[in-house]
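Step one of this worksheet: look at the structure below.
Read the figures in this text as sums done on the coordinates, not as results from a lab. Quick caveat, the model's predicted, so the values are computed rather than measured. Virtual Cβ from ideal backbone geometry, glycine too; neighbours counted across all protein chains shown.
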Amino acid sequence: MQRGRPDEQRREGRAAESAPPLYTPEERRRRDASPWTLVQGILAPVQFLVFLVSLALVVRYLWTGEGFAAASVSIVVKTLTLYAIMITGSIWEKEVFGHWLFARPFFWEDVVSMGVIALHTAYLVALFTGWLTPVEQMLLALAAYATYVVNAAQFLWKLRMARLASTAEPPVAGDLATGELEPAR
């Protein structure tokens, strides 16, 4: 069942058709065989839940002045989950595309991810060195979170376009063991 207005569906469908496929048949086979695909599928929503809790704690601190320690711990946990998803994501990218980072299909997402990591790391430096005041630390965390939201939206958009494109592609048949694939007839 498709959602959204018909004109939105047509626009998204055209965008998916005009973009190069996200995966070649061989890359799709490697993606499906990789245990890191499942790890990414688990870590992404976990990281998002950690983000939501942390965001609430940061906003609470900025609003009331209370709960600095809880907000700080939550940002550290969010940063650690970010590092985990970035490390495992680069392993996944290496297995699927042959590059640790900046593979063609996810180049811009990886570029923005570097900004997300830089801001989260800057927060850790500020927290552990006292480089910024507590309010400034929380504002830096909000900047990191805003960049994270942009990055998450990039990935969700890319995956949506890939899903739309895959519904337009003919099914693939052949021998996966030998890699000899051809469009199904």
What's the total number of residues in region 27-82 that are exposed (fewer than 13 other Cβ atoms within 10 Å of the Cβ) and touching a Ser or Thr at 6+ places or on another chain (Cβ under 6 Å)? 0
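Would you check if A153 is small (G, A, S) and touching a residue at least 40 places away in the same chain (Cβ under 8 Å)?
Details: small (G, A, S): yes; touching a residue at least 40 places away in the same chain (Cβ under 8 Å): no.
Against the criterion (small (G, A, S) and touching a residue at least 40 places away in the same chain (Cβ under 8 Å)), A153 does not qualify.
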The residue that is nearest to L80 (Cα to Cα), considering only those in region 121-150 that are crowded, with 16+ Cβ neighbours inside 10 Å and free of Cβ contacts under 8 Å to residues at least 24 places away in the same chain, is A122
